[in-house]
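Accompanying notes for the structure given below.
Throughout, read-outs are computed from the coordinates displayed, never taken from laboratory work. All of these numbers come straight from a predicted model, not from anything done at the bench. Cβ placement follows ideal geometry from the backbone for every residue including glycine, while neighbour counts extend to all protein chains displayed.
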Amino acid sequence: MSDQYAPKPEHKFTFGLWTVGNPGRDPFGPPTRPHLSPVEIVQLLGEVGAYGVNFHDNDLVPIDATPAQHDQIVKDFKKALADTGLKVPMATTNLFSDPAFKDGAFTSNDPRVRAYALSKTMKAMDLGVELGAKVYVFWGGREGVETDAAKDALEAGKRFRDALNFLTHYARDQKYDLKFALEAKPNEPRHDIYLPTTGSFLGFIETLDHPEMVGVNPEVAHEHMSGLNFMHAVAQAWDAGKLFHIDLNDQAFGRYDQDLRFGSHSIKSNFFLVKFLEDVGYPGMRHFDSHAYRTEDVEGVKDFARGSMRSYLIYKEKAKRWNEDKEIQALVKEVADVPTDGLPAIDGYSKKTADALKGFAFDRIALGARGLQYEKLDQLTIEVLLGVR
Ligand code: GLT
Ligand code: MN
Ligand code: MN
């Protein structure tokens, strides 16, 4: 592998314990590779050159661990972090695996489940902060329904809001330096999950007590499952100052949640995503929320992890090439570089401008007849991606 695409700490590449630790289980068959302990996963990530490791409370400490086991596990994990230099930039809560959460956590109809979810999340936040996390992710995998006969959607939204408000107040009370990042997914494991897209969350956040603490964690696969352009969702989040974290993976449209290796499937979309993140200077973590094919052994998991980071850096290099390509840039410029003689200048609203615009004689036919050369521009883009430019 050429050095140019070797991961470095400044690239901020992170993986979850649940990603490289995925043992290859799927709904149709059991694991195909050995279980790795958190310490072994940290060592593996150190070996492949990742910057950080993220976790759900129960990826690290099993849900039924005794206090003594908890302490020992956290101690061993801290030692592995110190030995490898890996950081913990993000943590989250598992509010979806345990049968107690089968009808949701914060939106459950059962007030005892909602209270348990708050308690579990506060303890998980304590653990995350203890290990250095600055971002706390909320993915409400079970916050939904199979049938709308079961739950009042309006009430569910209010419960979700109440829970997040409670937890922002808790974080402030504890003086935690922690931001929340909400992750949307339209369905799976529920038939429908509430607040199904990043755009839904961006609207919802503004209804919270502390919107400044709360942003989003968009995931490629999840927006693709909704049939959406992921980069557009990311751009909207960035514009709103809400891109606190990002889950990179890949996904074919119209399929189950595949969590494919980043960069492996939707090549043009991935290119424009990386170009966007690099062009705006997104300063956060590049988290790979994906896992190796079920066909792989532990060596294949390393191939998966190395490939994710390497592909990101290749896309980044292609984006630089695109930005520096004279022919491409000339075409980009040409679209907006047109004579505007006589056109009223628009610098915000004024009555004078409004009147001038309403009185101006536009040559609508000429506007519609102009060719924009996007075919040529896209072909040049494809040629950059295919390596002939
Ligand atoms: C789960 C889900 C991911 C979320 C994780 C955080 S867990 O693997 O599929 O998209 O980001 O809870
Ligand atoms: Mn995710
Ligand atoms: Mn996913």
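Residues whose amide H lies under 5 Å from that of residue 245, counting only those 5 or more places away or on a different chain, are 216; hydrogens are built 1.01 Å from N in the peptide plane. Rounded to the nearest 500, the helix-only mean residue ellipticity at 222 nm of the chain stands at -14500 deg cm²/dmol, with each DSSP H run of n ≥ 4 adding -39,500 (n - 2.57).
Distance distribution P(r), segment 199-247, all Cα-Cα pairs, bin width 5 angstrom from 0: 5, 22, 34, 22, 11, 5, 0 percent. Dimensions of the chain based on its C-alpha atoms, expressed as ranges along the principal axes with the largest first, amount to 78, 52, 41 Å. The listed peptides 4-12, 51-59, 35-43, ordered by packing as a protection proxy, come out as 51-59, 35-43, 4-12 (highest mean of other Cβ atoms within 10 Å first). For segment 314-372, the Kirkwood radius over C-alpha pairs fed into Stokes-Einstein at 37 °C and 0.692 mPa s yields D = 222 µm² per second. Working from Cα positions, state the angle (0 to 90°, nearest 10) between the long axis of helix 67-84 and the longest principal axis of the chain. Roughly 50 degrees between the two axes. Bridgeable aspartates and glutamates around residue 358 (alpha carbons under 14 Å apart, same-chain partners fewer than 8 residues away excluded) are absent. Among the listed pairs 12/316; 12/134; 151/185; 102/123; 242/268; 102/151, those with a Cα-Cα distance over 22 Å are 242/268. The GNM of the chain, with springs linking C-alpha atoms under 10 angstrom apart, assigns the highest mean-square fluctuation among 227, 359, 371 to 359. Over the C-alpha trace of segment 118-262, radius of gyration and Dmax come out as 15.1, 43 angstrom.
Relative to its residue count, segment 219-372 spans a Cα convex hull of 172 Å³ per residue.
Axis angle, to the nearest 10 degrees, between helix 111-130 and the longest C-alpha principal axis of the chain: 80 degrees. Here residue 75 is the anchor, and the aspartates and glutamates within straight C-alpha reach of less than 16 Å, apart from those fewer than 8 places off in the same chain, are 40, 57, 59, 83, 126, 130.
If both residues of a DSSP beta bridge must be in the chain, then about 15% of such bridges are antiparallel. Label zone (residue 207, point 7 Å along Cα-to-C-beta; backbone nitrogen cut-off 13 Å) within segment 130-161: 153-161.
Note down the relative contact order for the chain as a percent, whole number, built from C-alpha pairs under 8 angstrom at least six residues apart. Across the chain, relative contact order equals 15 percent.
In the chain, the longest principal axis of the Cα atoms and the axis of helix 230-239 are about 90 degrees apart. A Cβ-based charge dipole, computed about the Cα centre of segment 1-87 with Lys and Arg at +1 and Asp and Glu at -1, lands at about 120 debye.
Once the convex hull of all Cα atoms in segment 1-110 is built, its volume per residue stands at 147 Å³.
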